[in-house]
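**Q** The structure that follows is given in the form of C-alpha cells.
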Amino acid sequence: MSNSPERNADEALITTPRKRVQATIEEHEYHKEYATPHKAMVQGTVSFLEAKGIPFYREDVFRHFGVSHTAGYKMLRTKTARRFDTLVHHNPRHRPCAVTAEKLKEMEAILENQGIEARCLTWEQLGMEVGLNVSGCTIKSALETLKYRKCIACKKGWVNRQMVEKRVEYAHIMLEWYPRPEDWYHVHFSDEVHFGWGPQGKLLIIRKPGMRYCADCIQEEAQPMEKDKKRFHCWAAIGYNFKSPIYFYDVPGNTNGKMSP
C-alpha cells in the first residue's frame, strides 16, 4: 500500500467532519418568526409616532414589544400583503363591496323598527328585504361589524297582569310569615308540567349584546287551545334536603289539565 502525501490529503478531506458554525444571537433573532399581530403592533406603533411627530427611539419600541434590534428593523422593512398598512383597508382585494354602507343602514333600520317579525328573518331574507341578492354568510359578516348576531329569543309567558299581582302579594305575605331562611326548611314546593302541541318552538332572532330583554327581542307565548292542554302531565315536589320522584299521570275527564285531589 502506498502512503503518498497526496492520498493522505485526500483521505483527510473525506474523513474529517465539517465544523458547524454556531449561529450568533443576532442571526437567530433575525430569522426568528413572530406572529402577524406582534409584527403589526410594532409597525403600527412606529407609524403612529412618526405620523404624529412624536420624538422617540425605535429601540425603545422594540424593547417594549420584546423584539431584538435586528428583528425589529426586519419588521419595519417588511412589505407584504399581511402588513398592518394593508389591513386597515376594508377591501384589500379591491373588489366591489357586496353590502354597501347604505344597505347596511337599511337592514339595521328594519331590525330596529319592525319588531320581532323582522328579527326572526334569516340572513338571506333580511338581505332580500333591501334588495340584496347575496349569500347569508355575506349578510352575517356585514352585520357582525355592527355587533349583530343570532340568538335564541327569551320567552314571555301568557300569565295575565291580575295573576302576576296576586303572586307578588302572596310572596310578600309569605316573607312576613317566614323571614329567616331556616323557616322554610319544612316547606315543600310542588309544580305540574303539561306537555302539548304549540304553535312554534324557540325563535332565533337577530340582536346586539345587551338587548336580551328588549320588548322586540322577547317571544310571547299564546295560551294553548283547550284540546292541547291534556296531552301529557307530570308532577314533582322539592324542599330543603328533599326531592320527590316525578309522577306522570293522566286523569280522564279533567278539563283543566290539573291534578285533582
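Derivation of every value follows stated rules applied to the coordinates shown; laboratory data play no part. On a predicted model such as this, the values are computed, not experimentally measured, just so you know. Using ideal geometry, Cβ is built from the backbone for each residue, glycine included, and neighbour counts are taken over all protein chains shown.
**Q** Using 0.36 nm per residue, how much length does the chain from Ile246 to Lys150 gain when fully extended, once their Cα-Cα distance is taken away?
**A** My answer for the length gained is 31.1 nm.
**Q** Based on the Cβ-Cβ distance of Glu117 and Phe232, what FRET efficiency does E = 1/(1 + (r/R0)^6) give at R0 = 30 Å, to the nearest 0.05? Don't skip to the end; give the middle numbers.
**A** Working: r = 31 Å, r/R0 = 1.03.
Computed FRET efficiency for Glu117 and Phe232 comes out at 0.45.
**Q** Same structure, new question: Tell me, Val134, Val187 in order of fewest to most beta-carbon neighbours within 10 Å?
**A** Values: Val134 15, Val187 11.
Exposure proxy ranking, most exposed first: Val187, Val134.
**Q** If each residue's Cβ is checked for other Cβ atoms within 10 Å, how do Trp123, Trp177, Trp184 rank with the fewest at the top?
**A** In increasing order of surrounding Cβ atoms, one gets Trp177, Trp184, Trp123.
**Q** Follow-up. Sorted by average packing, counted as other Cβ atoms within 10 angstrom per residue and highest first, what order do 236-245, 55-64 take?
**A** Output ranking for 236-245, 55-64: 55-64, 236-245.
**Q** How large is ³J(HN,Hα), in whole Hz, for each residue of the stretch 235-250 in order, when computed from phi with the Karplus curve 6.51 cos²θ - 1.76 cosθ + 1.60 and θ = phi - 60°, using x for Gly and Pro?
**A** After applying 6.51 cos²θ - 1.76 cosθ + 1.60, I find 9, 7, 9, 9, x, 5, 6, 8, 8, 7, x, 8, 9, 9, 8, 8 Hz.
**Q** Expected output is a single nm value to one decimal: the length gained when fully extending between Ala109 and Trp184, i.e. 0.36 nm times separation in residues minus the C-alpha distance. What is it?
**A** Working: separation 75, 0.36 × 75 = 27.00 nm, distance 5.04 nm.
Roughly 22.0 nm would be gained on extension.
**Q** If you take the beta carbon distance between Ser141 and Tyr73 as r and set R0 to 25 Å, what does 1/(1 + (r/R0)^6) give as a FRET efficiency, to the nearest 0.05?
**A** So the FRET efficiency works out to roughly 0.10.
**Q** Starting from the Cα of Asn133, step 7 Å along the direction of its Cβ; do the same at Leu204; then give the gap between the two resulting points in nm.
**A** With each label placed 7 Å out from Cα toward Cβ, I get 2.5 nm.
**Q** Note the full-extension length gain between Val164 and Thr100 as 0.36 nm times their separation in residues minus their Cα-Cα distance, in nm to one decimal.
**A** In short, 18.3 nm is gained.
**Q** Another question about this same structure. Amide H to amide H under 5 Å from Gly239: which residues, 5+ apart in sequence or cross-chain, H placed 1.01 Å off N in plane?
**A** Phe189
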